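Worksheet: the structure to be examined is printed underneath.
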Amino acid sequence: MELKHKIIWITGASSGIGEALAYNCATEGAQIVISARREDELKRVANHCKTDPKNILILPLDLEHTANIEEKVNQVIQKFGRIDVLINNGGIGQRGKAVNTKTEVDRKVMEINFFGTINLSKAVARVMQKQKSGKLVVVSSIMGKYGMPLYSTYAASKHALYGYFESIRQELYADNVKVLIVSPGFINTDVSTKLLTEDGNQYGIKSDAQEKGMTAADCAKGIVQAIKGGSNHKYVGGYELFAVFVKQVIPKTFYKLMRKMTKE
């Protein structure tokens, strides 16, 4: 798939990986829809995209509240006439001991990361089915492949995305709608500072692992290359991706390392 003239909708586009994806897709010649809660930040991103402003639709969206999702989809169709790629990048992180985490925090994380994402994807998938073409992309995490102490609900939301999109891929095959699952490792963004703690406050600290991680720009390049290709799954990151292999081959060692690496 070449991205020139394609209509690409990116959620979580106001910062980090989503922002980098917006710049990358615009440079590739795509017409883009950028969504997030913060309209002012979306305007900033749009102003930095190297494309004609008419090729960008700023569409504020809160994944925690998706009752108006059909209206949002209709706005995209009214502007561009179709949707070729949906990149589900929006989400929120969590950090805290599972037994101490308030239920409303667990629900908020699942509402945004899972339910918000699949609600949008279902609405867009129906458009793609009519078109008989399209690609759904979901940015999951390597924590969708294994659990990690202090990140239980976040890992659960990413595991859920794996199961859902692996299943819907088969359902959409006959309609020529493809599904790509992306699993980033440690990416150098501010996402860890916005993690929800046990009581729902922001964590406010950038982790050392993310500080040393791959840049958002390089991550976006890897995702775009995977979209242009035909793969079903793509890992993006550095040495941390090896943990997936270790868990499969020597699980006892994996769990021992997880306990040792986790700092409270």
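The values are calculated or read from the model by the stated rules, or taken from the named source; none is laboratory data. Keep in mind that this is a model prediction, so the values were computed, not measured. So basically every Cβ, Gly included, is an ideal-geometry build from the backbone, and we count neighbours across all protein chains shown.
Which of the helices (runs of 4 or more DSSP H) found entirely inside the range 115-213 contain at least 3 residues meeting this: farther than 30 Å from Tyr255 by Cβ? Steps first, answer last, please.
Numbers: elements: 117-131, 152-172, 208-211.
It comes to 117-131, 152-172.
Set side by side, the residues Ser167, Ser140 differ, and just one is under 14 Å from the mean Cα position of the chain (by Cα) and of a type outside the set (A, V, I, L, M, F, W, C), which is Ser140.
With respect to (1) at pLDDT 90 or above; (2) assigned to a loop (DSSP other than H, G, I, E, B), the lone exception for Lys263 is condition (1).
Of the strands (runs of 3 or more DSSP E) lying entirely inside the range 1-99, those carrying at least 3 residues that are without any contact (Cβ under 8 Å) to a residue 60 or more places away in the chain are 31-35, 56-58.
Residue-wise test of (1) surrounded by 15 or more Cβ atoms within 10 Å (Cβ to Cβ); (2) out of contact with any Asp or Glu (no Cβ under 8 Å at 6 or more places or on another chain); (3) closer than 22 Å to Tyr23 by Cα.
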residue	(1), (2), (3)
Met214	yes, yes, yes
Ala226	yes, yes, yes
Lys234	yes, yes, yes
Phe242	no, yes, no
Lys247	yes, yes, no
Lys252	no, yes, no
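Could you say whether any residue in the range 227-241 is free of Cβ contacts under 8 Å to residues at least 40 places away in the same chain and of a type in the set (S, T, N, Q)? No: zero hits. Applying the set (1) surrounded by 16 or more Cβ atoms within 10 Å (Cβ to Cβ); (2) without any contact (Cβ under 8 Å) to a residue 24 or more places away in the chain to Arg126 leaves exactly one unmet item: (1).
Residues of the range 17-31 that are under 20 Å from Pro184 (Cβ atoms) and either modelled with pLDDT under 95 or aliphatic (A, V, I, L, M) (or both): Ile17, Ala20, Leu21, Ala22.
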